Amino acid sequence: MSVNSELVGREFPPTPPYLVGREKVREFSRAVFADAPLHTDVEAARALGYADVVAPPTFAMVVQDLTLQQLLAEPDSGIVLARTIHAEQRFAYTRPIVAGDELTGRLKVTGIRMMAGNAMITSEAAITDAGGDLVVTATSVLLVGSDEEDAA
């Protein structure tokens with residue numbers, strides 16, 4: 001089964017709200033070697049004008065992953081996880097993510113490009129806060145390798 005080209009334009013329901021916790025931000029910061037004090041020290045973040053610790057830019061992937069799980073679970077997608085890699089990632093922020101934010105993601109498949117039997121699936125997750133304001137748009141490209149049987 002090949003990737004379903006009818007995925008383009010498909011939008012998924014919003015994810016359940018994700019409450020950004022201070023300790024999660026600190027843990028993530030340590031994991032990605034983001035050692036600036038605003039990521040771990042509340043007082044340092046407040047001195048810079050933030051309400052709490054600020055998540056590193058790649059933290060948005062935590063919420064985006066919830067949206068990508070919806071795509072991967074689609075029974076008609078043709079996406080086989082064993083042949084899929086995360087090929088590209090971009091983030092476009094309107095403001096930083098701060099501990100205490102309640103974020104919701106909504107995924108839309110924006111394109112599929114076929115290359116030598118492989119499919120490159122581009123999707124955008126609009127991540128909004130509890131007030132509905134856009135915080136970040138996270139764009140991913142998944143590369144789904146061809147099935148040898150399909151390619152033969």
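The values are calculated or read from the model by the stated rules, or taken from the named source; none is laboratory data. Given the structure is predicted, the values throughout are model-derived calculations rather than measurements. Neighbour counts run over all protein chains shown; Cβ positions are idealised from the backbone, glycine included. Accessible surface areas use protein heavy atoms only, side chains included; no ligands, DNA or RNA. Shrake-Rupley method; radii C 1.70, N 1.55, O 1.52, S 1.80 Å.
Structure notes:
- Calculated on alpha-carbon atoms, Rg and Dmax of the chain in Å: 17.5, 61
- Each label point was placed 7 Å from the Cα along the Cα-to-Cβ direction; for MET114 and ALA73 their separation is 2.9 nm.
- The stretch 27-152, relative contact order in percent, only Cα pairs under 8 angstrom and at least six apart counted: 23 percent
- Mean residue ellipticity (222 nm) of the chain, computed from DSSP H runs ≥ 4 via -39,500 (n - 2.57), nearest 500: -6000 deg cm²/dmol
- Segment VAL80..ASP133, full-extension length gain: 15.7 nm, with 0.36 nm per residue of separation and the alpha-carbon distance subtracted.
- Overall, the stretch 20-152 carries a charge dipole of about 340 debye about its Cα centre when +1 sits on the Cβ of Lys and Arg and -1 on the Cβ of Asp and Glu, all other atoms neutral.
- Accessible solvent surface per residue of the stretch 8-79, calculated while the other protein chains remain in place, 1.4 angstrom probe, Å²: 53 Å²
- In nm, spacing of pseudo-spin labels at GLU6 and ARG106 (7 Å Cα→C-beta vector): 2.3 nm
- When the charge dipole of the chain is built from unit charges on Cβ atoms (+1 for Lys and Arg, -1 for Asp and Glu) and taken about the Cα centre, the candidate among THR84, GLY21, PRO37 whose Cα reaches farthest toward its positive end is PRO37.
- Candidates ALA119, ALA31, ALA99: whichever shows maximal mean-square fluctuation once the chain is modelled as a Gaussian network with Cα springs under 10 Å: ALA31
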